[in-house]
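Each value in this text was obtained by applying a stated rule to the coordinates, not by laboratory testing. Note that the structure is a prediction, hence the values are computed from the model and not measured. In this analysis, Cβ positions are derived from the backbone assuming ideal geometry, glycine residues included, and neighbour counts consider all displayed protein chains.
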Amino acid sequence: MLDRASDGLLNSEQNNFFEWASQWKIYRQRPVGSSRKFLEISPVEIVNAASHISGTSGPQLDSDLRRKTLMLFGKKRHTQAFATHFEKSVREGLQAGRIEVDPTTGMYQLV
């Protein structure tokens, strides 16, 4: 069951995982040390942040995109859990046509 959170966005009561509308192009930036767990961030929101990074800073190497995405969400540590969730998010972004990988350089870029 979905309900409206105090910020007007939808939350799932059953699994407490944020249900992010796929057509939204926003993300919620957090300061370093934020208590929000990276695994609680929707893959769509992660792709939105990665798209913003690529759109404002130009094409990104995988390692740079990971580091900058972590920073946007107030995180510093690149854990295995982060890597798995980030990779899932990027796969979804590639499938949705939001980002692409340049076959020549291997860099992620905004579509």
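Before moving on, here are some points about what is shown:
- The phi-based Karplus calculation (6.51 cos²θ - 1.76 cosθ + 1.60; θ = phi - 60°) puts the 3J(HN,Hα) values of region 92-103 at 5, x, 5, 5, 7, x, 7, 9, 9, 10, 5, x Hz, whole numbers, x for Gly and Pro.
- Packing here is the average count of other Cβ atoms within 10 Å per residue, and on that basis the peptides 98-110, 64-76, 38-50, highest first, run 38-50, 64-76, 98-110.
- Placed amide H near HIS78: partners under 5 Å, 5+ positions off or other chain: none
- Estimated FRET transfer efficiency (ASP62, LEU39; beta-carbon r; R0 22 Å; 0.05): 0.65
- Cut-off under 5 Å, modelled amide H: who pairs with MET107 long-range: ASP102
- For ARG30, nonlocal amide neighbours, meaning residues 5 or more places apart or on other chains whose placed amide H falls under 5 Å from its own, are PHE73, GLY74.
- Prolate/oblate/rounded label for region 29-84 (Cα gyration tensor, a/c 1.5): prolate
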